[in-house]
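Asks: Got a structure here, written out as structure tokens. Questions coming.
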Amino acid sequence: MPTMKLRFPLLTAALSLATLAPLSPVLAGGAGTPAAKPVTADAQTTKVVTAANAFLNTLSATQKNAVLFAWSDTTQRKNWSNFPLGGPGANRKGVRWGELNAAQRAALMTLLGTVLSPSGVDMVKGQMLADDLIRATDQGQGPAGAGGPPASGGARTTAGPAAPPAAAPAGGPPAGNRPQVSFGSEYYFVSFVGTPSATSPWMLQFGGHHLAINATVVGPNITLSPSLTGGEPIKVSFNTQTYTLVPNVPVEAQAAFALLQSLTPAQRTKAVVSTTRTDLVLGPGQDGKTLQPEGLPGRAMTAAQKTQFLVLIKDRLGILNADDLAAKMSVIQKNLDQTYFAWFGPTTSAGAAYHRVTGPSVIIEFSPQANDGDPANHLHNMYRDPTNEYGAAWTTLK
């Protein structure tokens, strides 16, 4: 698969971060209105609450004031985006990774490790690293912070960073014909909607360019619906070596392609809705939108194909910690016959086509972006549970 080639002096240092050195962010949440039924944290969420409070205790009074929002603050709850800071609608609030000291970052990483799985933590680190590489190589030729194509219509240039003009803000790309946007890990934000609690609902948010983790915690339950993942670049080439920065993406792409290849001609006719790639449907700002199932339902699959279908779903949801993932996968498996697999795009390789999973309690979108050359190297992906957006099934949202 073609990969982006980077040539600049800082790449070696940057790639060292791919070994998962402490370069990562996370999220935290808050208390508020009582849940529909009294609930108490289990062992897993007790760890989460403890880690959240430990992180908050490292913050100054000013930082605490910036990071905590009321549970009833629906504006902040929905304040997430795939764009870099300064892009359309990307006005994140909370505390920036770049404003945290080493001890605070370590505490935030510990919190992240209780909410997410090890692979989820690796995914977050990889996406932050990828954005640092964009910051180092992007020359400001594209339109308003979308991570989109340069104005000329060509691929984003990656020949090496130009020195930013003196007027450019810290972390922002050089000024081209694009409004100033801020790339890099220091522009990822953490916030809490509500206060960490073992009994009352709260939400932990962490996000930046191509990432929006929204973890709602209610007693023993945690949901990541809705959350946006993906990244750019997924892979880079340097000194004849290819490095995978965001490991989850190729795994998910291969799982979807394996399911497609297992289908009979008749099944494939149903699953392949179009040979033209489509774009993300249920991204930022699309809360409450209904998506009709398309493609091949689980009931039309063989036992082996159903197993592969569950592997595909678990590859996406597996960023969640094992305890909460098991509960979620149990519900999805019960509804698998009513869950659909749909493919939009070329059918000859993994990663370049859009695929979608649509079921009673799960919606997954995998959306490659072709505006930077290789679609498989720039992804906008979504996970939603239509029955439990922002934990609505567990609590009363205002």
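Here, each number is a calculation from the coordinates, and none is a lab measurement. Just so it is clear, the model here is predicted, and its values are computed rather than measured. Note that we place each Cβ from the backbone using ideal geometry, even for glycine, and neighbour counts take in every protein chain shown.
Asks: Exceeding 21 Å between C-alpha atoms, which entries from my cross-link table qualify? They are Lys64/Lys93; Lys125/Lys289; Lys93/Lys328; Lys78/Lys125; Lys125/Lys306; Lys314/Lys334.
Replies: Lys125/Lys289; Lys93/Lys328; Lys78/Lys125; Lys125/Lys306
Asks: Another one. Which ³J(HN,Hα) values in Hz, rounded to whole numbers, follow from the phi angles of the range 210-224 under the Karplus curve 6.51 cos²θ - 1.76 cosθ + 1.60, where θ = phi - 60° and Gly and Pro get x?
Replies: Computed from phi, the couplings for the range 210-224 are 6, 8, 8, 9, 10, 9, 8, 10, 9, x, x, 10, 9, 10, 9 Hz.
Asks: Tell me the relative contact order for the range 192-335 as a rounded percent, counting alpha carbon contacts under 8 Å between residues six or more apart. All intermediate terms of the calculation are to be shown ahead of the outcome.
Replies: On the way: 142 pairs, mean separation 21.6, N = 144.
Taking the mean separation of contacting Cα pairs over the length of the range 192-335, I get 15 percent.
Asks: Here is a further query. Between Ser349 and Lys64, what is the spin-label point distance in nm, taking each point 7 Å from the Cα along the Cα→C-beta axis?
Replies: About 5.3 nm separates the two model spin labels.
Asks: Just add up the charged neighbours of Met203: K/R +1, D/E -1, any other residue whose Cβ is under 10 Å from the Cβ of Met203.
Replies: Around Met203, the charge tally is 0.
Asks: Two decimals is fine: what's Rg over Rh for the range 321-395, C-alpha atoms, Kirkwood radius as Rh? Present the calculation step by step, with values, prior to reporting the outcome.
Replies: Working: Rg = 14.7 Å, Rh = 14.0 Å.
That ratio is 1.06, to two decimals.
Asks: What distance in nm separates the simple spin-label points at Lys78 and Ala266, each placed 7 Å from Cα in the Cβ direction?
Replies: 4.5
Asks: Please give the contour-minus-distance gain from Thr278 to Asn335: 0.36 nm per residue of separation, less the Cα-Cα distance, rounded to one decimal in nm.
Replies: Values: separation 57, 0.36 × 57 = 20.52 nm, distance 2.58 nm.
Contour length minus the Cα-Cα distance gives 17.9 nm.
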